[in-house]
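Shown next, in structure tokens, is the structure this report addresses.
The values are calculated or read from the model by the stated rules, or taken from the named source; none is laboratory data. Owing to the predicted nature of the structure, the values given are computational and were not obtained by experimental measurement. Counting neighbours? That spans all protein chains shown, and the Cβs are built from the backbone with ideal geometry, glycine included.
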Amino acid sequence: MKLEKTLVLLKPCTLERALMGEIISRFEKKGLRIVGMKMMQLDDAILANHYSHLVDKPFFGILKASMMRTPVVAMCLEGVDAISVVRTITGSTNGRNADPGTIRGDYCMSNQQNIVHASDSPESAKAELNRFFCPEEIFDFGTLNIPRLYAEDEI
Ligand code: IDP
Ligand code: MG
């Protein structure tokens, strides 16, 4: 099957604003399968890796602190082209510029407190899933609802 897996984090702003259910529901309703999910408290070490491309930015300190304010919810989502589909649903980084209909466009006003993290490429999805999940925390749903979600020639 041509399924991809990608990482989504529900950021602390999402927990604080009691939006977890709404955001999870958007991914579920789209037809992405949640094949791993847990709540976890992040620390300096995991955030230094996760945001290694931003360590030199002036906002890195407040970004890291904001990601440790509460636990996050980590999810592994699965589907055909899941990595790009999830990025599209997520919308651009700054919620003020994100298109209506996207998660960031519909739920936030911030460039930083922007509801979710989503992997941006196959390479980062693989590295990020390894960073946040042990292999036994990601489940094999087999064909389950695949015939309802896709045409035969798409999978
Ligand atoms: P992405 O989350 O859309 O992939 P990245 O550039 O990878 O965006 O940045 C990771 C996170 O760092 C963003 O989601 C946001 O929370 C924060 N961030 C990125 N750029 C800025 C900025 O210019 N100011 C404040 N926070 C930022
Ligand atoms: Mg990114």
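If you go through segment 70-80 one residue at a time, do you hit one that is more than 25 Å from Asp140 (Cα to Cα), aliphatic (A, V, I, L, M), at pLDDT 95 or above and more than 14 Å from the chain's Cα centre (by Cα)? For segment 70-80, residues more than 25 Å from Asp140 (Cα to Cα), aliphatic (A, V, I, L, M), at pLDDT 95 or above and more than 14 Å from the chain's Cα centre (by Cα): absent. Please specify each residue of segment 56-74 satisfying the condition of being in a loop (DSSP other than H, G, I, E, B) and surrounded by 13 or more Cβ atoms within 10 Å (Cβ to Cβ). Across segment 56-74, the qualifying residues are Met68, Arg69, Thr70, Pro71. Restricted to segment 99-133, and to residues there that are part of a loop (DSSP other than H, G, I, E, B) and either under 30 Å from Glu152 (Cα atoms) or without any contact (Cβ under 8 Å) to a residue 12 or more places away in the chain (or both), the residue that is nearest to ligand 1 (Cβ to nearest atom) is Asp120. Here are some residues: Ala65, Ala118. Which one is of a type in the set (A, V, I, L, M, F, W, C) and over 30 Å from Asn145 (Cα atoms)? Step by step, each of Ala65, Ala118 is checked, and only Ala65 is of a type in the set (A, V, I, L, M, F, W, C) and over 30 Å from Asn145 (Cα atoms). Considering segment 90-119, the residues that are among the polar types (S, T, N, Q) and under 12 Å from the mean Cα position of the chain (by Cα) include one that is surrounded by the most Cβ atoms within 10 Å (Cβ to Cβ), namely Ser119. Only one entry of Asp81, Asp106 meets the criterion of being away from ligand 2 (no atom under 15 Å from the Cβ), of a type in the set (Asp, Glu) and within 18 Å of Leu7 (Cα to Cα), and that entry is Asp81.
Within this structure, Gly21 passes the test of being within 30 Å of Asn145 (Cα to Cα) and more than 14 Å from ligand 2 (Cβ to nearest atom).
Of all residues in segment 17-44, those that are at pLDDT 95 or above have Cβ atoms under 8 Å from Cβ atoms of residues that are exposed (fewer than 12 other Cβ atoms within 10 Å of the Cβ), 6 or more apart or on another chain, in Arg33/Leu144; Arg33/Asn145; Val35/Asp140.
When restricted to residues that are closer than 18 Å to Gly105 by Cβ, more than 13 Å from the chain's Cα centre (by Cα) and of a type in the set (Phe, Trp, Tyr), segment 1-59 contains 0.
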